[in-house]
Amino acid sequence: MTALSRGARALFLLGAAAFFGLPLLWLLLAPTRTADDLTTGSPLGFGSLGRVGDAWAHLMSYNDGEITLWIGNSVVYAAASVALALLLCVPAGYVLAKHDFAGRRTLLTLSIVTMILPPAALVLPLYLEMSAVNLAGTIWAVILPLSFYPFGVYLAFLHFQANLPDSLLDAARVDGASELRLFWSVALPLARPAIALIAFFGFVRCWTDFFLPFVMLSDDRTFTLQLGLMSLLQSTGAVNNSSGFADLDIHQPEAALAGLVACAPLMIGFVLAQRFLRTGLLAGAEKG
């Protein structure tokens, strides 16, 4: 590699780091400052840690601390959706990878096609379906659709196909193991990297989803954090000083802190799952 190419690569990486890193740095620093400091002072200046507490108190003043309810709702929706998705995706991927049956190829093709469909295209049919069974407006109108995760099925299928030898299953069958025992005692312990991948990506999908809760939910007591923050920011002085709640003193620092609260579970989850994610992504890389 020539010095010119190394310099170009370093310059590109520095540019990318600045492009993506500076907004994140601003987001981290903004809650430490006042709204006036953000508009008149240095964009990346640091205020005081005490201002973070003040910003959180201002957020808690909205509807008697309803933000904590939205956080709890998001945790419940994400946890339930991921748990159901794992119960569905891992067995489905195993069956598709290790059993030959009529319609197998069709099911796999449908999983791939559904996986690449824009999520917004499915929201209206899902809403009509939830309304038909009187679940629209309830937590199940969010949990059940988010549990349908074709990408998780495909990840499990790829993992079992590449990392679970048929000879291992045949040996267990010779020893008298049933199909359920094969899955529970042989396949599932080997699928931990795939389970970690499905759980992480499923959690990110559930936690960040906005449009589905926006369509399904009408009561603000059932809102997710993302949906609730939209309501909060639109009805306070953070983006509209003429709103009816502008006297709550919720402005840009509070909006930045709310954004950090929304991002924190994703960052924590990525750090905790990093080892499993790396193992899952590299699984099968050495197979010929």
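The values are calculated or read from the model by the stated rules, or taken from the named source; none is laboratory data. What you are looking at is a predicted structure, and each value in this text was computed from that prediction instead of being measured. For neighbour counting, all protein chains shown are included, and Cβ atoms are generated from backbone atoms with ideal geometry for every residue, glycine included. Note: areas computed on protein heavy atoms with side chains; ligands, DNA, RNA excluded. Shrake-Rupley method; radii C 1.70, N 1.55, O 1.52, S 1.80 Å.
Within the stretch 110-129, restricting attention to residues that are hydroxyl-bearing (Ser, Thr, Tyr) and at pLDDT below 90, which residue is surrounded by the fewest Cβ atoms within 10 Å (Cβ to Cβ)? Out of the qualifying residues, it is 114. Selection of first residues in the stretch 39-57 that are among the aliphatic types (A, V, I, L, M) and of second residues that are open to solvent by 50 Å² or more (accessible area, probe 1.4 Å), restricted to Cβ pairs under 7 Å at least 6 apart or on distinct chains, gives the following pairs, ordered by first then second residue: 44/25; 44/26. Would you confirm whether any residue within the stretch 224-231 is open to solvent by less than 70 Å² (accessible area, probe 1.4 Å) and farther than 18 Å from residue 66 by Cβ? No, there is no match, as no residue in the stretch 224-231 is open to solvent by less than 70 Å² (accessible area, probe 1.4 Å) and farther than 18 Å from residue 66 by Cβ. Within the stretch 159-196, the set of residues being under 21 Å from residue 89 (Cα atoms) and without any contact (Cβ under 8 Å) to a residue 40 or more places away in the chain comprises 165, 178, 179, 180, 181, 182, 184, 185, 186, 189, 190.
Filtered by the rule that a residue be surrounded by fewer than 12 Cβ atoms within 10 Å (Cβ to Cβ) and aliphatic (A, V, I, L, M), the stretch 47-68 gives a lone residue, 49. Considering the conditions (1) at pLDDT 90 or above; (2) under 25 Å from residue 191 (Cβ atoms), residue 76 is excluded by exactly one of them, (2). Enumerate the pairs (first residue in the stretch 5-27 and in contact (Cβ under 8 Å) with a residue 60 or more places away in the chain; second residue anywhere and surrounded by 10 or more Cβ atoms within 10 Å (Cβ to Cβ)) with beta-carbon separation below 6 Å, excluding pairs fewer than 6 apart on the same chain, so at least 6 apart or on different chains. As it stands, the answer is 27/256; 27/259, since those pairs meet every condition given. Candidates in the stretch 130-148 are the residues that are open to solvent by less than 20 Å² (accessible area, probe 1.4 Å) and of a type outside the set (A, V, I, L, M); of these, the one that is farthest from the chain's Cα centre (by Cα) is 145. On the basis of being closer than 22 Å to residue 199 by Cα and of a type outside the set (D, E, K, R), does residue 44 make the cut? No.
Counting only residues that are crowded, with 20+ Cβ neighbours inside 10 Å and touching a Phe, Trp or Tyr at 6+ places or on another chain (Cβ under 9 Å), the stretch 200-211 holds 5 of them. A single member of 148, 214, 200 is of a type in the set (Phe, Trp, Tyr) and within 15 Å of residue 88 (Cα to Cα), and it is 148. Beta carbons closer than 6 Å, at least 6 apart along the sequence or on distinct chains, pair a first residue in the stretch 61-85 that is closer than 14 Å to residue 140 by Cα with a second that is assigned to a helix (DSSP H, G or I) and of a type in the set (Phe, Trp, Tyr) for 78/203; 78/207; 82/203. Annotation: of all residues in the stretch 240-250 being closer than 17 Å to residue 63 by Cβ and in a loop (DSSP other than H, G, I, E, B), the one that is modelled with the highest pLDDT is 250.
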